[in-house]
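Structure first, then comments.
The values are calculated or read from the model by the stated rules, or taken from the named source; none is laboratory data. Treat the numbers as computed from the prediction; the structure is a model and nothing was measured. Because the Cβ atoms are built from the backbone with ideal geometry, glycine has one as well, and the counts that use them run over all protein chains shown. Protein only, heavy atoms only, side chains kept; ligands, DNA and RNA dropped before computing areas. Shrake-Rupley method; radii C 1.70, N 1.55, O 1.52, S 1.80 Å.
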Amino acid sequence: MDNEISPEAERAGMLAALHAIVVGTLSTLKRKGVLSPQELDQLFDAGMSVFERGEPDETKAAARLTLEILARSLRD
């Protein structure tokens, strides 16, 4: 049985799994009142600033898009 997964599919799958875990975790913390909407915004702003330093433009663009999708997933 040969179930080879391409590197692109593997990366996409890992990103999708990570997205699901992050959204689930942050939405649970928000729902329980552990994180406020402002604190969530601060987390995403901090995440964006990390990629502004020293990463290639393509990586910055991908990170920005991913963080924007995550942030939208958590908005009311």
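Note the per residue figure in Å³ for the convex hull of the C-alpha positions in the range 36-75.
So the per-residue hull volume is 39 Å³.
Mind giving me the FRET efficiency for Glu58 and Arg31? R0 is 25 Å, r the Cβ-Cβ distance, nearest 0.05 is fine.
After rounding to 0.05, the efficiency reads 0.10.
Can you pull the percent of the range 1-74's accessible area that's carbon plus sulfur, 1.4 Å probe, other chains left in place?
After summing per-atom areas, the C and S share lands at 60 percent.
Taking only Cα atoms, what is the 0 to 90° angle, nearest 10, from helix 7-31's long axis to the longest principal axis of the chain?
It is inclined by approximately 20 degrees.
Probe of 1.4 angstrom, ligands and nucleic acids ignored: what's the accessible area per residue over the chain, in square angstrom?
Per-residue accessible area for the chain comes out at 77 Å².
So the label point goes 7 Å from the Cα of Arg11 along Cα→C-beta, right? Which residues of the range 58-76 then have their backbone N under 17 Å from it?
Output list for this probe position: 58-67.
For n ≥ 4 DSSP H runs only, could you compute -39500 (n - 2.57) per run for the chain, divide by its residues and tell me the 222 nm figure to the nearest 500?
Computed ellipticity for the chain at 222 nm equals -26500 deg cm²/dmol.
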